[in-house]
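Asker: Quick one: the structure is below, and I'll ask about it shortly.
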Amino acid sequence: MNTKTNSEKEIKAFMSGLKRRNPGEKEFHQAVHEVVETLLPFTAEHTKYRDGYILERMTEPDRIITFRVTWEDDAGQIHADRAWRVQFNNAIGPYKGGLRFHPTVTQSVLKFLGFEQVLKNSLTGLPMGGAKGGSNFNPKGRSDREIMRFCQSMMIELHRHIGEDVDVPAGDINVGAREISYLFGTYKRLENRFAGILTGKGLAFGGSLVRKEATGYGAVYFMQNMLNHANDEVKGKTALVSGSGNVALYCMEKLLHLGAKVLTASDSSGFIHDPKGIDREKLDWLIDLKENRRGRISEYAEKFGCEFHEGKTPWGVKADLAFPCATQNELHEVDAQALVKNGCIAIAEGANMPSTAEAIEVFLQNDVLFGPAKAANAGGVAVSGLEQSQNQLRISWSREEVDDRLKKIMENIHSKCVQYGTREGKPVDYKSGANIAGFVKVADAMLAYGVV
Ligand code: GLU
């Protein structure tokens with residue numbers, strides 16, 4: 001039997017065991033499949049990892065904490081939502097990863113995110129393990145006070161499981177500065193200690209400059225590294241961005257800094273197409289719309305007189321670069337085909353697992369540079385790691401200092417992907433490169449600890 005069929009069989013066997021142990025968790029299956037596809041052939045050659053049962057151990061979370069969050073809305077109605085903290089792996093540092101509030105949050109989604117976070121955090125080179133948490137609570141349309149009560153109730157349970165050397169949550173979808181502040185205030189009250197137990201904090205109480213911008217900036221720095229490696233540059237390119245949250249907005253900002261033209265933005269209601277480009281003034285308006293007024297993206301089209309495509313995603317628009325920055329599985333096979341047909345040369349994933357497995361295959365088959373999430377969006381958690389360092393040192397670095405470190409980290413991540421993903425006569429396979437580079441550090445630590 002040839003090696004290819006052999007490893008296909010091994011992948012199938014591994015996945016059928018994983019599916020049996022984790023029934024119905026399709027997002028988790030998808031994230032693991034994408035990784036073991038690369039790693040089983042790798043561990044077959046580097047047998048210490050296979051003999052140490054590392055992949056089996058690494059795909060089983062250390063622990064999952066599930067709890068009820070009871071809260072009362074403004075009308076006096078009582079709600080009981082479900083929350084989780086998935087502490088996936090702390091081989092190379094305290095658990096680290098965001099909290100997501102969204103009705104689509106399930107244990108499967110948080111396990112996929114936690115698993116990805118382990119490899120992503122490893123890639124940053126910083127001492128951070130991987131975790132993820134959140135709730136199926138839907139914050140849409142809720143008042144500030146309702147959000148506050150939800151966060152307070154959540155922390156009443158969560159505070160027992162976190163700590164600066166144990167587990168340090170941060171934000172993710174629908175968890176930003178406001179939510180982190182409510183969570184931090186409640187922790188401080190419950191524990192009577194002021195410590196860096198969350199990242200993404202306000203600047204007045206231990207937050208880091210550039211944390212808010214870091215994921216979006218990092219995705220563009222990663223793109224810049226990919227293009228430079230292929231003797232090209234971001235300047236003068238047209239770009240599609242999906243989403244209009246924290247990641248998308250600051251991805252757009254960095255694209256503007258580097259001289260690209262941003263054509264699109266979206267939210268769950270649809271996307272706007274602005275052929276003239278979202279310039280500085282329009283972006284400021286959009287940031288205010290999304291961060292302060294919490295409005296809908298269609299208002300941009302009304303304000304600036306461009307098209308709004310209800311219920312659609314931007315991947316059919318012609319452009320050089322694409323940045324999926326909204327959510328998981330937002331870019332399908334047909335979208336990838338449309339991007340390729342329209343001459344798109346590179347993708348950097350700002351969101352977590354935004355491209356389906358079939359879409360990634362289209363990019364790789366067509367030699368499109370594909371920057372996978374765990375490499376391209378690692379800038380956010382990297383600056384969270386820098387926030388932790390500043391908290392431990394009790395100092396604050398300047399904007400330039402943090403941004404320079406972020407740039408250097410993204411450059412290092414790119415180099416590691418190149419080290420493991422270079423192919424004869426083809427563009428770098430960043431997907432495999434990121435998976436292997438992220439894996440090796442965690443796996444070596446696990447081997448060193450023995451059978452625990
Ligand atoms: N939620 C972000 C991510 O997906 C950031 C996590 C963090 O800063 O801990 O990486």
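Bear in mind these aren't lab numbers, they're just calculated from the coordinates by the rules spelled out. All of these numbers come straight from a predicted model, not from anything done at the bench. All Cβ positions, even for glycine, are placed from backbone atoms using ideal geometry, and neighbour counts span all protein chains on display.
Asker: Have a look at segment 81-238 and give its Rg and Dmax from the Cα atoms, expressed in angstrom.
Answerer: 16.8, 54
Asker: Can you tell me what the convex hull of the Cα atoms of segment 1-72 projects to on average, as an area in nm²?
Answerer: 6.4 nm²
Asker: Quick check: convex hull of the Cα atoms in the chain, volume per residue, rounded to a whole Å³?
Answerer: Taking only Cα atoms, the chain has a hull volume of 143 Å³ per residue.
Asker: Follow-up question, since we're still on this one. Determine the percent antiparallel among the DSSP beta bridges restricted to segment 28-158, to the nearest 5.
Answerer: Beta bridges within segment 28-158, antiparallel portion: roughly 85 percent.
Asker: A further question follows. Taking the Cα centre of each part, how many Å lie between segment 191-224 and segment 35-77?
Answerer: Centre-to-centre (Cα) distance: 24 Å.
Asker: A further question on this structure: How big is the antiparallel share of DSSP beta bridges in segment 216-327, given as a percent to the nearest 5?
Answerer: Counting DSSP beta bridges with both partners in segment 216-327, the antiparallel share is about 55 percent.
Asker: Consider just the alpha-carbon atoms of segment 51-140 and return their Rg together with their Dmax, both in angstrom.
Answerer: 15.2, 58
Asker: Could I get the Rg over Rh figure for segment 148-198? Both from C-alpha atoms, Rh via Kirkwood, rounded to two places. Please report the intermediate quantities before stating the final value.
Answerer: Values: Rg = 9.9 Å, Rh = 10.8 Å.
Rg divided by Rh gives 0.92.
Asker: Using +1 at the C-beta of Lys and Arg and -1 at the C-beta of Asp and Glu, which of Q365, Q390, A376 has the Cα lying farthest in the positive direction of the dipole of segment 355-400?
Answerer: Looking along the dipole axis, the top candidate is Q390.
Asker: Extension gain K26-E333, at 0.36 nm per residue separation less the Cα-Cα distance, in nm?
Answerer: My answer for the length gained is 108.8 nm.
Asker: Show that you can apply the helix-only estimate: for the chain, add -39,500 (n - 2.57) for every DSSP H stretch of four or more residues, divide by all residues, and state [θ] at 222 nm to the nearest 500.
Answerer: Values: 17 runs with 225 residues, N = 452.
Calculated at 222 nm, the ellipticity per residue is -16000 deg cm²/dmol.
Asker: Ignoring trypsin sites (Lys or Arg not before Pro) that are buried or in helix or strand per DSSP, and keeping those with at most 15 other beta carbon atoms within 10 Å, what is the longest stretch of the chain between them?
Answerer: Formally, the longest exposed-site-free interval is 1-139.
Asker: Can you list the residues, at least 5 places off or on another chain, whose amide H is less than 5 Å from the amide H of N89, using H built in the peptide plane?
Answerer: D62, G130
Asker: Using the Karplus curve 6.51 cos²θ - 1.76 cosθ + 1.60 with θ = phi - 60°, work out ³J(HN,Hα) for each residue of segment 232-239 in order, rounded to whole Hz, and write x for Gly and Pro.
Answerer: Coupling constants for segment 232-239: 9, 8, 6, 3, x, 8, 9, 9 Hz.
Asker: Sticking with this one: Would you grab the residues whose amide H sits under 5 Å from the one on E307? Only those 5+ places off in sequence or on another chain, please, with H modelled 1.01 Å from N.
Answerer: Distant-sequence amide H within range of E307: H273.
Asker: For segment 238-334, what is the Kirkwood hydrodynamic radius in Å, using each pair of distinct C-alpha atoms?
Answerer: On the way: mean 1/r = 0.0768 Å⁻¹.
Here the Kirkwood hydrodynamic radius works out to 13.0 Å.
Asker: For segment 363-448, what are Rg and Dmax over the alpha carbons, in angstrom?
Answerer: Spelled out, the Cα radius of gyration and Dmax of segment 363-448 are 15.5, 49 Å.
Asker: Arranged by the count of other C-beta atoms within 10 angstrom, fewest first, what order do Y221, Y420 take? Each step should come with its number before you reach the end.
Answerer: Numbers: Y221 26, Y420 20.
Least crowded to most crowded, the residues run Y420, Y221.
Asker: Also, I was wondering about something else. Return the percentage of antiparallel bridges among DSSP beta bridges fully within the chain, rounded to the nearest 5 %.
Answerer: Among the beta bridges of the chain, antiparallel pairing accounts for roughly 60 percent.
Asker: Using the Karplus curve 6.51 cos²θ - 1.76 cosθ + 1.60 with θ = phi - 60°, what ³J(HN,Hα) values do you get for each residue of segment 287-296, in whole Hz, with x for Gly and Pro?
Answerer: 4, 5, 4, 7, 7, 10, 8, 6, x, 9
Asker: Fully extended, how many nm does the chain gain between K407 and V340 (0.36 nm per residue separation, minus their Cα-Cα distance)?
Answerer: 21.3 nm is the gain from fully extending K407 to V340.
Asker: Ignoring solvent entirely, what values of log10 I(q)/I(0) come out of the Debye formula for segment 299-452 at 0.09 Å⁻¹ when each Cα is a single scatterer?
Answerer: -0.40
Asker: My understanding is that a pair violates if its Cα-Cα distance is over 19 Å; which of K111/K312; K140/K254; K120/K431; K96/K441; K235/K341 do that in this structure?
Answerer: The answer is K111/K312; K140/K254; K235/K341.
Asker: Could you calculate the FRET efficiency of A357 with Q419 from 1/(1 + (r/R0)^6), where r is the beta carbon distance between them and R0 is 25 Å, rounded to 0.05?
Answerer: 0.55
Asker: By how many nm would the segment from R189 to S298 grow when fully extended, if each residue of separation counts as 0.36 nm and the alpha-carbon distance is taken off?
Answerer: Full-extension gain reported as 35.2 nm.
Asker: Restricting to Cα atoms and excluding each atom paired with itself, what does the Kirkwood estimate give for segment 330-397 in Å?
Answerer: It is 13.5 Å.
Asker: Let me ask another. May I ask you to derive the FRET efficiency for E307 and E164 from their Cβ-Cβ distance with R0 = 41 Å, giving the value to the nearest 0.05?
Answerer: Calculated value: 0.30.
Asker: Using θ = phi - 60° and the Karplus form 6.51 cos²θ - 1.76 cosθ + 1.60, what ³J(HN,Hα) does each residue of segment 169-181 get, whole Hz, x for Gly and Pro?
Answerer: x, 8, x, 7, 4, 6, 10, x, 4, 4, 5, 4, 5
Asker: Continuing with this model, one more query. Check which residues have an amide H placed less than 5 Å from F370's amide H, if you skip close sequence neighbours.
Answerer: It is I347, Y430, by chain and number.
Asker: Mean separation of Cα pairs under 8 Å and 6+ residues apart, divided by the residue count of the chain: what relative contact order is that in percent?
Answerer: 15 percent
Asker: Sticking with this one: Over what distance in Å are the Cα centres of segment 349-364 and segment 123-156 separated?
Answerer: 26 Å
Asker: Using only the alpha-carbon atoms of segment 284-351 as identical scatterers, what base-10 log of I(q)/I(0) does the Debye formula give at q = 0.18, 0.19 Å⁻¹?
Answerer: Listed by q, the Debye log ratios stand at -0.83, -0.90.
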